[in-house]
Amino acid sequence: MKGLVSHIQRMSIHDGPGIRTTIFLKGCNMKCQWCHNPETFNPKPELEWISDKCINCHECVPACKDDSLIIDNGQLVFNKSNCTNCLDCIKHCYPEALKKVGEEYSVDELMEVILQDQSFFRQSNGGVTISGGEPFLQVEFVDAIIRRCNASEIHTTIQTNLSIKWDSYKSTIVLSDLIMVDLKLFNNEQHKNWTGIGNKGVLKNLEMLDKTGIDYIVRTPIVPCLNDQLNSLLPIVTFLKTLNNFKSYQLLPFHPLAESKYKNLGIDNPLIGMKALNTIKLKQLQIQIDKALLQ
């Protein structure tokens, strides 16, 4: 069994308790306009052109059979819409400006990476986080990794948008120690406009998750001018107060650091130019939310 991984982040401290190794799986069923990981959208390996590394030697152009790499006024241009991701151009790129995004790992290969940090997990009460994209699109692979981590007494966390049909992963999700659920927006139409799909399934699956008794955290990305006001978040608070087992509700700040990823992948960035959320405002919102949850 193999899974497709976009990247592996070791020594992470933001994806669950302690020091963690975070596995970002490729493929997502949402297309959130604020996404910080657009390299996970595509469920298959794809080409990335890091323009800042390009020296305009043009050695890659003859290798491109679909005219996705062309020369315009002496400069290399990457036309994503033409690219078939054959990846033949990569071996002709000496400065490594052209790179493959997405590597297949067997369960054994991925566990070899994970076990390198086992001592850090023990010292910090950390572990492994499986993220994405949406990890449950590769549910069999996730199941195998979670079981192997459990056998090695490694704490596991799954980050999910919880939008996929519950029956497809209900036997896997209960194997993990912690679930981090992203509840993007509460209004169904607004959710559909900004992520590509509605949220009725997400809310239903949250209720199913709550009944399992597993520890879980709910998170909402806060985007300026979209949901950075308390009134936008209170419907979520009201819903969460009907649940019994969620451990906390966390607000995640939008930041523009992914702009270069969109550029390198040739993907349109709907929020290009938007500035990061003010950290003071985020802290104030979190305090107000915490108070509302206690009322």
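The values are calculated or read from the model by the stated rules, or taken from the named source; none is laboratory data. This one's a predicted model, so the numbers in the text were calculated from it and none came from an experiment. Here the Cβ positions follow ideal geometry from the backbone for every residue, glycine too, while neighbour counts run over all protein chains shown. The accessibility values were calculated without ligands, DNA or RNA, using every heavy atom of the protein model including side chains. Shrake-Rupley method; radii C 1.70, N 1.55, O 1.52, S 1.80 Å.
By the beta carbon rule, with partners counted only under 4.7 Å, the chain holds these lone Cys residues: C28, C54, C57, C64, C83, C86, C93, C149, C225. For the chain, the longest principal axis of the alpha carbon atoms and the long axis of helix 139-151 meet at an angle near 60°. Straight-line reach from K281: taking Cα to Cα under 17 Å and skipping same-chain neighbours fewer than 8 places apart, the aspartates and glutamates in range are D228, D290. Annotation: aspartates and glutamates with alpha-carbon distance below 13 angstrom to K2 (same-chain offsets under eight excluded): E103, E104, D108, E109, E140, D143. A cut-off under 15 angstrom between Cβ atoms defines the neighbours of K200, and their net charge, with Lys, Arg +1 and Asp, Glu -1, is +2. Sorting the Cα pairs of the chain by distance into bins of 10 Å, from 0 upward, gives 6, 25, 32, 24, 11, 3, 0 percent per bin. In this structure the amide hydrogen of I217, modeled in the peptide plane, comes within under 5 Å of the amide hydrogens of I179, M180, V181, K247, none closer than 5 places in sequence on its chain. Residues whose amide H comes within less than 5 Å of that of L252, counting only those at least five positions distant or on another chain, are T220, I222 (H built at 1.01 Å from N in the peptide plane).
Backbone geometry of segment 9-14 corresponds, through the Karplus equation with coefficients 6.51, -1.76 and 1.60 at θ = phi - 60°, to 3J(HN,Hα) couplings of 10, 8, 6, 7, 10, 10 Hz, x marking Gly and Pro. Distance between the C-alpha centres of segment 134-182 and segment 188-237: 19 Å, rounded to the whole angstrom. Over its Cα atoms, what ratio of radius of gyration to 2.2 N^0.38 Å does segment 1-148 give? Rg over 2.2 N^0.38 Å, computed on Cα atoms: 1.22. Computed over protein heavy atoms with a 1.4 Å probe, the accessible surface of the chain works out to 49 Å² per residue.
Per-peptide packing, taken as the mean over residues of other Cβ atoms within 10 Å, places 79-88, 121-130 in the sequence 121-130, 79-88 from highest down. Placing unit charges on each Cβ (+1 for Lys and Arg, -1 for Asp and Glu) gives segment 145-256 a dipole about its Cα centre, and among I164, M180, C149 the Cα reaching farthest toward its positive end belongs to I164.
Going down the list K31/K99; K99/K261; K80/K263; K99/K275; K192/K291; K211/K283, which pairs span over 20 Å between their C-alpha atoms? In this structure, K31/K99; K99/K275; K192/K291; K211/K283 exceed 20 Å between Cα atoms.
A simple count of charges around L277, restricted to other residues whose Cβ falls under 11 Å of its Cβ and scoring Lys, Arg +1 and Asp, Glu -1, yields +2.
Coordinate range of the alpha-carbon atoms in segment 73-231 per principal axis, descending: 60, 43, 30 Å. The residue list G266, S131, P62 was ranked by how far each Cα lies along the charge dipole of the chain toward its positive end, using unit charges on Cβ atoms, and S131 comes out on top. The phi-based Karplus calculation (6.51 cos²θ - 1.76 cosθ + 1.60; θ = phi - 60°) puts the 3J(HN,Hα) values of segment 165-177 at 3, 4, 4, 6, 9, 4, 7, 8, 5, 6, 7, 8, 7 Hz, whole numbers, x for Gly and Pro. Couplings for segment 280-291, taken from phi via the Karplus curve 6.51 cos²θ - 1.76 cosθ + 1.60 with θ = phi - 60°, read 5, 5, 5, 5, 5, 4, 5, 4, 5, 5, 4, 5 Hz in order; Gly and Pro are left as x.
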